[in-house]
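The values are calculated or read from the model by the stated rules, or taken from the named source; none is laboratory data. Small disclaimer: the values here were computed from a predicted structure and weren't measured. FYI the Cβ positions are ideal-geometry reconstructions off the backbone, even for glycines, and counts take in every protein chain you see. Please note that ligands, DNA and RNA were not included when accessible areas were found on the heavy atoms of the full protein model with its side chains. Shrake-Rupley method; radii C 1.70, N 1.55, O 1.52, S 1.80 Å.
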Amino acid sequence: MGELMGGDKKYKSKKCRKSSGKDAKRSRGDDACEVTKDRVRAHFLDGNTGPWAKNLAAEDVKNTRAAAQATTQSVEDSSAQRAEAAASAAHERAASGTPTRRGPDYSVPSSIDLVADPVLHALSTRRSISKVDPETPNDSDLLELIRSVSSVADHKGLRPWRFLIIRGDDRHRLGEALDEAAGVSRKPGEVNEKPLRAELLLALVASAQKHDKVPEWEQHATAAGAGHLLELALWQAGWGVMWRSGTLTNSEPVRRLHRLKENELLMGWFYIGAVPERYRQRLTTSTRPLPAPEQFLDTL
Ligand SMILES: Cc1cc2nc3c(=O)[nH]c(=O)nc-3n(C[C@H](O)[C@H](O)[C@H](O)COP(=O)(O)O)c2cc1C
């Protein structure tokens, strides 16, 4: 884990150069950015999103190889164009030694398109997966996910949140703490099955500190934001997750198990695992209607 922390140059990715309409000079890097964005959009338009996102990286490699062999051929159909785009992006990656940056061009506000835009698409299609399969992200995957989540809006940068990894027997310890809080005693060999619903749980701790300018509720809002971003990041990376809590979440035995300080609050647990095949099949054909947005928007 240590080597992923700090100073890891490979993550300092090169940005797409911002350009204005007057800017006639375009570098090879700018073109690579454009084709990469087009390729990513094309993937999402093809429906390769959400739980399938993790296949994109493997597909990129495949396309890159195919494109290298196909450079002399005409590229009239769209799949060949995507392969060329991938090859060009890969060339750029190889030349710069950094991964090509994916994402929008911030030089102009983009059109708002919930299908074509990968972030908006992920936001609008995300859903909780209540029963997950045993495969889980490993600890270095988790570090990458947390790296992405750490952009959460945070007044004064107090970083008032952290996650605790709960795997294996630690889930039994959580079951025992919940039983103790509920006053439940079980027969020998019987266990509280609730924490066993996934192989991996992440407990979210809101860790608010006294601050003149940042009230406690703002810090809790940041911690909750980290939780929501984590759900989205997991979804986009192809993992299933469900955020769970309950009336016993901040009971004394449960707080003791998580070694919470007095100022800290447990915000629940993220039950994480692979998206079961039966869900994946349903997800390809069903889209859950979103609530009408008007109810969330008003004026003073
Ligand atoms: C803080 C928090 C705690 C939650 N706790 C539970 C819970 O204990 N049990 C449950 O069924 N859903 C719980 N939920 C709701 C689910 O995580 C999920 O959002 C809900 O089932 C709706 O599904 P969706 O996320 O696909 O819209 C909680 C959500 C939040 C934000």
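Within the range 123-160, being hydrophobic (A, V, I, L, M, F, W, C), within 16 Å of the ligand (Cβ to nearest atom) and open to solvent by less than 40 Å² (accessible area, probe 1.4 Å) holds for I129, V132, V149, V152. Would you check which residues across the range 107-122 are farther than 13 Å from A237 by Cβ, touching a Phe, Trp or Tyr at 6+ places or on another chain (Cβ under 9 Å) and either open to solvent by less than 50 Å² (accessible area, probe 1.4 Å) or within 16 Å of the ligand (Cβ to nearest atom) (or both) and list them? Across the range 107-122, the qualifying residues are A116, D117, H121.
Applying the condition of being touching a residue at least 24 places away in the same chain (Cβ under 8 Å) and open to solvent by less than 10 Å² (accessible area, probe 1.4 Å) to the range 236-257 and asking which residue is farthest from the chain's Cα centre (by Cα) yields V254. Scan the range 184-200 for residues that are assigned to a helix (DSSP H, G or I) and of a type outside the set (A, V, I, L, M) and the total you get is 3.
Condition first: over 18 Å from L164 (Cα atoms) and within 21 Å of the chain's Cα centre (by Cα). Can you find one or more residues in the range 260-275 that meet it? For the range 260-275, residues over 18 Å from L164 (Cα atoms) and within 21 Å of the chain's Cα centre (by Cα): present. Across the range 261-300, the qualifying residues are those that are closer than 25 Å to P137 by Cα and assigned to a loop (DSSP other than H, G, I, E, B), and the one among them that is farthest from the ligand (Cβ to nearest atom) is P276.
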